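Worksheet: the structure to be examined is printed underneath.
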Amino acid sequence: MHDTSAIPAMAHLRGDMADRVRAFDWAATPLGPMSAWPAALRTVVATMLECQLPMYLAWGEDHVQIFNDAYRPILGAKADGALGASAPHTWAEIWPTIGPMWRRVLDGEPVGFDDFKLTIDRFGYPEDVYFNFSYSAVRDDQGRAAGVLVTFAETTEKVLLSRRLAFLDGLAQATRGLTD
């Protein structure tokens, strides 16, 4: 494990992703060693790792990914290779959709949607999923937008249930007057 004594904001963190973040060779990424990270990055990563809801951060021009335990199921089979990797690589199938949104965020405009549909490949096949999400800028120590913080909840089950119920209601309404 890498020395985190110079990084008090990380030392107390518990959980699988906290351990992985501390042990990861960040010097091999564009972020550089954790001890050289800006205070803003260390703080948001510590906050994210403590959160019980899915959170994800992409930092810098390369959109280097860091995420918490609750986010791992969203990645599915991609989870093991995603930490420290580039978001456009990990999320190549949706980058044409989310990339322009992230550009808006980095230009100072927060972005969010409810029940937004994306087709992702997290288990080796395309899957339609829905999310309530917010993309927010994370600013570096000089106040520049340097990262995108993703907070969200997957709503796929709710959306599909609502559609099923609407179908069944429509069927009941259409057949209400039938006697045979």
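The values are calculated or read from the model by the stated rules, or taken from the named source; none is laboratory data. Just so we're clear, the structure is a prediction, and the values are computed from it rather than from any experiment. Note that we place each Cβ from the backbone using ideal geometry, even for glycine, and neighbour counts take in every protein chain shown. The accessibility values were calculated without ligands, DNA or RNA, using every heavy atom of the protein model including side chains. Shrake-Rupley method; radii C 1.70, N 1.55, O 1.52, S 1.80 Å.
Key figures for this structure:
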quantity: Subset of region 150-180 that is open to solvent by less than 30 Å² (accessible area, probe 1.4 Å) and hydrophobic (A, V, I, L, M, F, W, C) - its residue that is modelled with the lowest pLDDT; calculated: Val159
quantity: When residues of region 60-74 are limited to those that are closer than 11 Å to Gly84 by Cβ and of a type in the set (A, V, I, L, M, F, W, C), the one farthest from the chain's Cα centre (by Cα); calculated: Val64
quantity: Of all residues in region 77-111 being out of contact with any strand residue (DSSP E or B) (no Cβ under 8 Å at 6 or more places or on another chain) and among the small types (Gly, Ala, Ser), the one that is farthest from Ser136 (Cα to Cα); calculated: Ala77
quantity: Matching entry among Arg164, Arg144, Arg103 (being free of Cβ contacts under 8 Å to residues at least 40 places away in the same chain, of a type outside the set (A, V, I, L, M, F, W, C) and more than 18 Å from Glu61 (Cβ to Cβ)); calculated: Arg164
quantity: Any hit, region 40-50, residues being surrounded by fewer than 18 Cβ atoms within 10 Å (Cβ to Cβ), modelled with pLDDT of 90 or more and within 15 Å of the chain's Cα centre (by Cα); calculated: yes
quantity: Residue count, region 10-30 (criterion: of a type in the set (Asp, Glu) and assigned to a loop (DSSP other than H, G, I, E, B)); calculated: 1
quantity: Candidate set from region 86-122 (those that are in contact with an Asp or Glu (Cβ under 9 Å, 6 or more places away or on another chain) and of a type in the set (Gly, Ala, Ser)); member that is most open to solvent (accessible area, probe 1.4 Å); calculated: Ala92
quantity: Looking only at region 1-39, and only at residues there that are open to solvent by less than 40 Å² (accessible area, probe 1.4 Å) and over 20 Å from Gly147 (Cβ atoms), the one that is modelled with the lowest pLDDT; calculated: Thr4
quantity: Filter pass, Arg122 being of a type in the set (Lys, Arg) and without any contact (Cβ under 8 Å) to a residue 24 or more places away in the chain; calculated: no
